[in-house]
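The values are calculated or read from the model by the stated rules, or taken from the named source; none is laboratory data. The structure displayed is predicted, hence computed values, not measured ones. With ideal geometry, Cβ positions are generated from the backbone for all residues, glycine too; neighbour counts draw on all protein chains shown. Surface accessibility is based on the protein's heavy atoms, side chains included, excluding ligands, DNA and RNA. Shrake-Rupley method; radii C 1.70, N 1.55, O 1.52, S 1.80 Å.
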Amino acid sequence: MTVTTLSELAGAKRLVIKVGSALLIENGKARGDWLATLAKELSGLKAKGTEIIVVSSGAIALGAAKLGLPKGGRGSLADAQAAASVGQVELARLWSDALGAHDLVAAQMLVTLDDLEDRRRYLNASATLERLIAAEAIPVVNENDSVATEEIRFGDNDRLAARVAQAAQAEAVLLLSDVDGLYDRHPEEDGAQLVERVEGVTPEIIAMASSDSTSGLGSGGMIAKLQAARIAERAGIALAIVNGTHEAPIAKAIDAGRGTLFLPQGDESARKAWLSGRLAPAGVLTVDAGCTAALAEGASVLAAGLTDVEGDFRRGDLVAIHGAKGERLGQGLVEYAASECRAILGLREEEQAEKLGYAPRAAVVHRDHMVRA
């Protein structure tokens, strides 16, 4: 089914639910009573036929409290990695106990950015999720912060939830937050209005977002949630933001119809959806006005349209494509290494062979391996 209202979330065949640190942890300890009510809701959804995947934050906060680390374990990368190593054990136990009270099996699944950026590892993760669901387990997914670095990490579980939804071919993502949803300005400003329905994450929608994370525990914020919504919508997945601070938060949000629902905006092929959701380009190709216009009509990136090359990438790596004013036009898999791109920059096909020493390929980034922004 295609989810078009908040009430339809409860009938989704496969639903990814993201739980943030601020909801799960308070003063370094789990909010046990709150988690118990959520687990009961998940049990009820599963009994009605909804397949559940949980993306849960909280490992760093739990581990920092146990180790006595300052700043909630986020004072340094080393502290965060150490806190996560301890906290992951605690987090897995919490979910195992909470779901086990309803005779449900929790399965811990730790992933890194590379696990979902690399195509083969992405497919492996997808297969693992599928097998766990078939075995009636509830996967509890978290970023493996014990090995993630500042340069190679999701950095927030909102975008991770959207990527997991892609890998699991879920119908919807539910982000449990500490606010009701997206407001048209900072929610504490006079006259702020909740945006209940969004049909496409446009620059105007992004301009409404605040990067504030009111709890101080998490690493996300509204901007991260909008980035997650953009990943989801392009893959044909609905995404909702609702207030999760209440007991039994899912039922409360659905019954009140209060939250922000981002409607699917496309149904890209599985490969294109994976490509559009990738987050770590290895370089940037800047193109001229003519190439920009051609890309808008579905063309490939040709060497003749290149004006600049940034980064040190290899053939097959992901690169971002920018216009002359720095605007992001899309991203795709490059057909040449960075040094080769620089060698043929601005050259027409008949000139490229002399520079390369071999017959040029059809494109620098072929349209079949590219998605527009």
Per the list (1) assigned to a helix (DSSP H, G or I); (2) in contact with a helix residue (DSSP H, G or I) (Cβ under 9 Å, 6 or more places away or on another chain); (3) open to solvent by 60 Å² or more (accessible area, probe 1.4 Å), residue check on residue 108 breaks on (1)
Evaluation of residue 181 against (1) touching a Leu at 6+ places or on another chain (Cβ under 7 Å); (2) at positive phi; (3) open to solvent by 30 Å² or more (accessible area, probe 1.4 Å) (one fails), failing number: (3)
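Out of curiosity, is residue 106 at pLDDT below 95 and in contact with a Gly (Cβ under 8 Å, 6 or more places away or on another chain)?
no
Which residue out of 342, 258, 361, 314 is touching a residue at least 60 places away in the same chain (Cβ under 8 Å), charged (D, E, K, R) and not in a strand (DSSP E or B)?
258
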Taking residue 44, is it of a type in the set (Gly, Ala, Ser), surrounded by fewer than 21 Cβ atoms within 10 Å (Cβ to Cβ), free of Cβ contacts under 8 Å to residues at least 12 places away in the same chain and farther than 20 Å from residue 137 by Cβ? no
Just one of the numbered conditions (1) under 16 Å from residue 221 (Cβ atoms); (2) open to solvent by 10 Å² or more (accessible area, probe 1.4 Å) is not true of residue 176; which one? (2)
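Yes/no matrix, rows are residues, columns are (1) at pLDDT 90 or above; (2) among the charged types (D, E, K, R); (3) farther than 29 Å from residue 60 by Cα:
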| residue | (1), (2), (3) |
| --- | --- |
| 216 | no, no, no |
| 240 | yes, no, no |
| 263 | yes, no, yes |
| 270 | no, no, yes |
| 275 | no, no, yes |
| 284 | yes, no, yes |
| 287 | yes, no, yes |
| 297 | yes, yes, yes |
| 306 | yes, no, yes |
Which of the residues that make up region 50-72 are surrounded by fewer than 22 Cβ atoms within 10 Å (Cβ to Cβ) and among the β-branched types (Val, Ile, Thr)? 50
Of the residues in region 76-102 that are more than 24 Å from the chain's Cα centre (by Cα) and in a loop (DSSP other than H, G, I, E, B), the one that is surrounded by the most Cβ atoms within 10 Å (Cβ to Cβ) is 102
Would you confirm whether any residue within region 219-236 is of a type outside the set (A, V, I, L, M, F, W, C), closer than 26 Å to residue 37 by Cα, at pLDDT below 90 and open to solvent by 40 Å² or more (accessible area, probe 1.4 Å)? yes
Unique match (being assigned to a strand (DSSP E or B), surrounded by fewer than 20 Cβ atoms within 10 Å (Cβ to Cβ) and either of a type outside the set (Asp, Glu) or in contact (Cβ under 8 Å) with a residue 40 or more places away in the chain (or both)) among 309, 319, 284: 284
Within region 13-41, restricting attention to residues that are open to solvent by less than 20 Å² (accessible area, probe 1.4 Å) and touching a Ser or Thr at 6+ places or on another chain (Cβ under 6 Å), which residue is farthest from residue 157 (Cα to Cα)? 15
If I ask for residues that are open to solvent by 40 Å² or more (accessible area, probe 1.4 Å) and among the hydrophobic types (A, V, I, L, M, F, W, C), which ones from region 287-301 would you list? 289, 293, 296
Which helices (runs of 4 or more DSSP H) sit wholly inside region 117-211 and have at least 2 residues that are over 26 Å from residue 281 (Cβ atoms) and in contact with a strand residue (DSSP E or B) (Cβ under 6 Å, 6 or more places away or on another chain)? 119-134
